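The values are calculated or read from the model by the stated rules, or taken from the named source; none is laboratory data. Small disclaimer: the values here were computed from a predicted structure and weren't measured. Here the Cβ is made from the backbone with ideal geometry for all residues, glycine too, and neighbour counts use every protein chain on show. Areas reflect the complete protein model, heavy atoms only, side chains present, ligands, DNA and RNA absent. Shrake-Rupley method; radii C 1.70, N 1.55, O 1.52, S 1.80 Å.
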Amino acid sequence: MPPRPPSIVLTIAGSDSGGGAGIQADLKAIHTISEGKCHGCSAITCLTAQNSCGVTSLHSPPVEFLRSQLLAVEEDLYPSAVKIGMLGTKELADEVGSWLRKLKENGEKRAPFV
């Protein structure tokens, strides 16, 4: 029997340049908790300049860029689960909500959301 392909877990969150939170921590947790049986994908909503002492700068990408990330993952690496973290701005949060509603309207029921 061929090996089963890994389940896809999408994390939608900010990036932590210090590596202790956000996308970086999520991808590490996905790999560790699943014992390597899940493939972590990401859509980045916010870039931070931070370390273990704090955040010194923050940048949110345009909504169109987040939309491009979500559609790229949906097209080729459809998630079995979605984890949502810091969304950065109301506009980015609205875009994530629209994307999730579209999946639901299209009858996709495969992805639990955390």
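Counting only DSSP beta bridges with both residues in the chain, what percent are antiparallel, rounded to the nearest 5?
About 30 percent, rounded to the nearest 5.
Determine, from the Cβ-Cβ distance of Glu35 and Leu77 and an R0 of 25 Å, the FRET efficiency 1/(1 + (r/R0)^6), rounded to the nearest 0.05. List each step's numbers first, then the result.
Numbers: r = 20 Å, r/R0 = 0.79.
Result of the calculation: an efficiency of 0.80.
Packing-wise, with mean Cβ within 10 Å as the measure, how do 17-30, 38-51 rank, highest first?
Top to bottom by mean Cβ count within 10 Å: 38-51, 17-30.
So what is the accessible area of the chain per residue, in Å², with the probe set to 1.4 Å?
Per residue, the chain has 62 Å² of solvent-accessible surface.
What is the magnitude of the charge dipole of the chain about its Cα centre, with +1 placed on the Cβ of each Lys and Arg, -1 on the Cβ of each Asp and Glu, and no other charges, expressed in debye to the nearest 20? Don't skip to the end; give the middle numbers.
Numbers: 11 positive and 12 negative charges, 72 e Å.
Dipole of the chain, to the nearest 20 debye: 340 debye.
Take peptides 57-69, 82-94 and line them up by average Cβ neighbours within 10 Å, highest first, as a rough protection proxy. Can you show the working numbers first?
Values: 57-69: 14.7, 82-94: 17.1.
Result, highest mean Cβ count within 10 Å first: 82-94, 57-69.
Springs between alpha-carbon pairs under 10 angstrom, Gaussian network model over the chain: which of Gly36, Gly54, Gly14 fluctuates most?
Maximum among the listed residues: Gly54.
Wrap a convex hull around the Cα atoms of the chain, take a quarter of its surface area, and give that in square nanometres.
Here the figure is 7.9 nm², rounded to one decimal.
I'd like the carbon and sulfur percentage of the solvent accessible area for the chain, probe radius 1.4 Å, heavy atoms only, ligands and nucleic acids excluded.
Numbers: 4100 of 7030 Å².
The C+S portion of the solvent-accessible surface of the chain is 58 percent.
How high is the relative contact order of the chain? Use alpha-carbon pairs under 8 Å, at least six apart in sequence, and give a whole percent.
29
Over region 1-42, calculate the relative contact order: mean separation of alpha carbon pairs under 8 Å at least 6 apart, over the residue count, as a percent.
Taking the mean separation of contacting Cα pairs over the length of region 1-42, I get 46 percent.
Students often forget the sequence filter, so: which aspartates and glutamates lie under 12 Å Cα-Cα from Lys28 once same-chain residues fewer than 8 apart are removed?
Counting by Cα, and skipping residues close in sequence, Lys28 has no aspartates and glutamates nearby.
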